[in-house]
Amino acid sequence: MLIPCTGSIQHFKSAQPIGWNVQLIGNNITVTDTFIDAYSTSGAFPFNTDGFDITGTNINIFDSTIINGDDAFAVQSGSHNVLVQGMT
């Protein structure tokens, strides 16, 4: 899912995606109360199950749960003022 924006995402849920989950591109983005379940014990599930790929400025992610076998957060080069808080 590609989300180029300034704004917010609330109560987003993703279960067993075939690849990465959310790509945040933009500035002044707030994400709250998300749940991402991209974990598999079978070994057949895709390896690139990033929770959030982040490219931008002033991005805040709060009170969320990410269950996966890869990066929960992948902050890309050039991004700054990224805050992740209250995560499981």
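In segment 7-36, the residues that are under 16 Å from residue 67 (Cα atoms) reach residues that are assigned to a loop (DSSP other than H, G, I, E, B) and polar (S, T, N, Q) with C-beta atoms within less than 6 angstrom, at least six apart or across chains, in these pairs: 12/34; 14/21; 19/48; 20/48; 34/64; 36/21.
Matching residues to (1) crowded, with 19+ Cβ neighbours inside 10 Å; (2) in contact (Cβ under 8 Å) with a residue 24 or more places away in the chain:
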{"site": "52", "(1), (2)": "yes, yes"}
{"site": "58", "(1), (2)": "no, yes"}
{"site": "61", "(1), (2)": "yes, yes"}
{"site": "68", "(1), (2)": "yes, yes"}
{"site": "73", "(1), (2)": "no, no"}
{"site": "76", "(1), (2)": "no, no"}
{"site": "79", "(1), (2)": "no, yes"}
{"site": "83", "(1), (2)": "no, yes"}
{"site": "87", "(1), (2)": "no, yes"}
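Just so you know, all these numbers are worked out from the coordinates, no wet-lab data involved. All of these numbers come straight from a predicted model, not from anything done at the bench. Every residue, glycine as well, gets a Cβ built from its backbone with ideal geometry; the counts of neighbours run over all protein chains shown.
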